[in-house]
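This report refers to the structure that appears directly beneath it.
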Amino acid sequence: MMMFDIQFYSIFLQIFFMASYQLNINNQQYKAEAEPDTPLLWILREWLDLTGTKFGCGVNTCGACNVLMNGRTVRSCQVQVRSCTGINITTIEGLSADGSHPVQRAWEEMSVPQCGYCQPGQMLALTGLLNQNKQPTDEQIDAVMSQQLCRCGTYHRIEKAVKRAIELSNQ
Ligand code: FES
Ligand code: FES
């Protein structure tokens, strides 16, 4: 009986705290029913099947979960769904449909990925920076890209791809 009460109470709480959120992701409208503090990362991966956004650490240290919100890079593991309405969210799937975005072209030209797991986050970190500043200094690049972890150690190729993406962005 006690177990039944706990289960009932838990379901009641879930229903009571669930809310409906209209999300604009990659220029498409999605509706998500979720608890307000659900991380955007879970919504993207588990509910909307946008699995290009990766779960790395879950605690704001790796950058694998990067997405753009109104053009700025944010870590989706740290963003609650309640703060996502009325915002244009871009995931790696939405960067460009045909691979023509300068960052995509540079990553391809430099054959950057090894396992590839961290690369969507790396690319969106740079994209967010270039959205703010198309001619970042080395210090500005370092400030952003040094916060992105790659367990495969592709940093040398990332560095070359960053330079190439800047060239392509300014053509
Ligand atoms: S999963 Fe979000 S920063 Fe690592
Ligand atoms: S390419 Fe494997 S973690 Fe970066």
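The values are calculated or read from the model by the stated rules, or taken from the named source; none is laboratory data. For clarity, every value in this text was computed on a predicted model and none was experimentally measured. Don't worry about glycine lacking a Cβ; one is built from the backbone with ideal geometry, like all the others, and counts go over all protein chains shown. When the accessible area is computed, the model is the full protein with side chains, heavy atoms only, and any ligands, DNA or RNA have been set aside. Shrake-Rupley method; radii C 1.70, N 1.55, O 1.52, S 1.80 Å.
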- [ ] Could you identify the single residue in Cys62, Cys84, Cys57, Cys115 that is modelled with pLDDT of 95 or more and closer than 21 Å to Gln22 by Cα?
- [x] Cys84
- [ ] Answer yes if at least one residue in region 120-128 is open to solvent by 60 Å² or more (accessible area, probe 1.4 Å), within 16 Å of ligand 1 (Cβ to nearest atom) and out of contact with any Phe, Trp or Tyr (no Cβ under 7 Å at 6 or more places or on another chain), and no otherwise.
- [x] no
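Give Gln140, Gln171 a once-over and let me know the one that is out of contact with any Cys (no Cβ under 8 Å at 6 or more places or on another chain), outside the structural domain of Ser76 (by TED's automatic domain parsing) and modelled with pLDDT under 95.
On the way: Gln140 fails: modelled with pLDDT under 95.
From the options Gln140, Gln171, the qualifying one is Gln171.
Go through region 25-39 and report how many residues are surrounded by 16 or more Cβ atoms within 10 Å (Cβ to Cβ) and assigned to a strand (DSSP E or B). Steps first, please.
First, pick out the residues of region 25-39 that are surrounded by 16 or more Cβ atoms within 10 Å (Cβ to Cβ): 25-26, 30, 32, 34, 38-39.
Narrowing further to those that are assigned to a strand (DSSP E or B): 25, 30, 32, 34, 39.
The qualifying residues number 5.
Can you name the residue in region 144-159 that is more than 16 Å from ligand 1 (Cβ to nearest atom) and assigned to a helix (DSSP H, G or I) and is also least open to solvent (accessible area, probe 1.4 Å) among such residues?
We begin by selecting, within region 144-159, every residue more than 16 Å from ligand 1 (Cβ to nearest atom); these are 153-159.
Adding the requirement that they be assigned to a helix (DSSP H, G or I) leaves 155-159.
Details: Tyr155: 101, His156: 125, Arg157: 76, Ile158: 8, Glu159: 115 Å².
If we take residues in region 144-159 being more than 16 Å from ligand 1 (Cβ to nearest atom) and assigned to a helix (DSSP H, G or I), then Ile158 is least open to solvent (accessible area, probe 1.4 Å).
Out of everything in region 129-143 that is open to solvent by 20 Å² or more (accessible area, probe 1.4 Å) and assigned to a helix (DSSP H, G or I), what residue ends up being nearest to Arg75 (Cα to Cα)?
Step one: filter region 129-143 for residues open to solvent by 20 Å² or more (accessible area, probe 1.4 Å), giving 129, 131-135, 137-140, 142-143.
Among the residues that remain, those that are also assigned to a helix (DSSP H, G or I) are: 129, 131-132, 138-140, 142-143.
Working: Leu129: 14, Asn131: 16, Gln132: 17, Asp138: 22, Glu139: 21, Gln140: 18, Asp142: 18, Ala143: 16 Å.
Per the criteria, the residue is Leu129.
Table: residues versus (1) under 19 Å from Ala143 (Cα atoms); (2) small (Gly, Ala, Ser); (3) within 16 Å of ligand 2 (Cβ to nearest atom).
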| residue | (1), (2), (3) |
| --- | --- |
| Leu41 | no, no, no |
| Phe55 | no, no, yes |
| Gly58 | no, yes, yes |
| Thr61 | yes, no, yes |
| Leu68 | yes, no, no |
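Which of the residues belonging to region 65-76 are in contact with a strand residue (DSSP E or B) (Cβ under 9 Å, 6 or more places away or on another chain) and not hydroxyl-bearing (Ser, Thr, Tyr)?
Quick first cut of region 65-76, residues in contact with a strand residue (DSSP E or B) (Cβ under 9 Å, 6 or more places away or on another chain) only: 65-71, 73-76.
Scanning region 65-76 gives Cys65, Asn66, Val67, Leu68, Met69, Asn70, Gly71, Val74, Arg75.
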